[in-house]
Amino acid sequence: MGKILFGPAGNSQSFFDEGHSSTMETPKWISERGLDIFEYSFGQGYRMNSETAKKIGEEFKKYNIEMSVHAPYFINFANPDDEMYLKSVGYLATGIKFLKLFGAKRMVFHPASCGKLKREEAVALMTARLSETMPKLEEELGDLYLCPETMGKTMQIGTYKEIIDLCTISSRLLPTFDFGHINALTQGSLKSPDDYRRIFDYSFEKLGDRTKEAHIHFSKIQYGEKGEIRHLTFSDEVYGPNFEDLVEVLIDYDLACHVICESSGTMAEDSKTMKDIYLKTLANRK
């Protein structure tokens, strides 16, 4: 059976309410709650020096907590401006350095948005540029992964098929299935295990066994006609999606994914809920 890791993206409000403030305190806190992984976000840019990153990585290793990283939100491989394209490459290259300093293996990134281009033009430009970029980045990556993410708004590039197709460019690309985003973009389409199977089946068809190690983001998300509005907590009973449906597929397909919770303020608590549901469902299958 594949080993699935569960953990939060960033620190829960309860972490701060208990008097904690530093990421150096996170690994012990995460470990005490029975979780396995933590995603550190550089969404607003790289505001950390190498020495600090190395110390944080050592602390996570001490508590046997895996790390992943989220790259800056400014990346857009469909920006027609060559200077902005090179900046996007730079964001990934810098992120790879932080992956190594942390001892982490995966970096999530938002690949592109349409801007003023038609969607098919934006997808073609993004694909061409990443095809050009990946051979250079592969040398730096070694056995690490870049993980383009499915997106939740209509003007962003990142349907599940767009992301899976993008990952065919390189074996060092691993899809991030953000099921909250997918559900928001498709106006609540994730209603049963079969809805998840359809996504994983397409990934297995295109990427083979790489799919088994896919990166997953999970949260309930409020949406409107243009997709994602805001992240919610597991207490929401209106928008979904529901984790129980995904669990059936994780077990049926013997997946070994990293499952990161992006709930609003309760990411550690909801991560633990997901892990408990997974382990209970697994035990009931035996």
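Observations on the model:
- Unique residue being closer than 25 Å to F218 by Cα, charged (D, E, K, R) and not in a strand (DSSP E or B) when the list is E39, E25: E25
- Residue in segment 35-51 that is charged (D, E, K, R) and closer than 30 Å to I277 by Cα present: yes
- Scan of segment 66-99 for residues that are hydrophobic (A, V, I, L, M, F, W, C) and either in contact with a Lys or Arg (Cβ under 9 Å, 6 or more places away or on another chain) or in a strand (DSSP E or B) (or both), ordered by number: M67, V69, F74, I75, F77, A78, V89, A93, L99
- For segment 142-174, a tally of residues being farther than 23 Å from G227 by Cβ, touching a strand residue (DSSP E or B) at 6+ places or on another chain (Cβ under 9 Å) and of a type in the set (A, V, I, L, M, F, W, C) returns 4.
- Contacts under 9 angstrom Cβ, first residue in segment 160-174 being at pLDDT 95 or above, partner assigned to a loop (DSSP other than H, G, I, E, B) and surrounded by fewer than 22 Cβ atoms within 10 Å (Cβ to Cβ), 6 or more apart: R172/G142; R172/D143; R172/L144
- Residue match in segment 109-116 (condition: free of Cβ contacts under 8 Å to residues at least 60 places away in the same chain, surrounded by 23 or more Cβ atoms within 10 Å (Cβ to Cβ) and assigned to a helix (DSSP H, G or I)): no
- Conditions (1) without any contact (Cβ under 8 Å) to a residue 60 or more places away in the chain; (2) under 22 Å from P148 (Cα atoms); number of the one not met by T52: (2)
- If you check G43, G57, G10 for being of a type outside the set (K, R) and under 14 Å from G103 (Cβ atoms), only one passes: G57.
- Strands (runs of 3 or more DSSP E) wholly inside segment 143-248 containing at least 3 residues that are over 16 Å from M107 (Cα atoms): 221-224, 227-231
- Looking only at residues of segment 249-278 that are in a loop (DSSP other than H, G, I, E, B) and on the phi < 0 side of the Ramachandran plot, we find that the one that is surrounded by the fewest Cβ atoms within 10 Å (Cβ to Cβ) is A256.
- Odd one out for E244 among (1) of a type outside the set (K, R); (2) over 30 Å from I169 (Cβ atoms); (3) surrounded by 16 or more Cβ atoms within 10 Å (Cβ to Cβ); (4) modelled with pLDDT of 95 or more: (3)
The values are calculated or read from the model by the stated rules, or taken from the named source; none is laboratory data. For clarity, every value in this text was computed on a predicted model and none was experimentally measured. Positions of Cβ are backbone-derived with ideal geometry, glycine not excepted, and every protein chain shown enters the neighbour counts.
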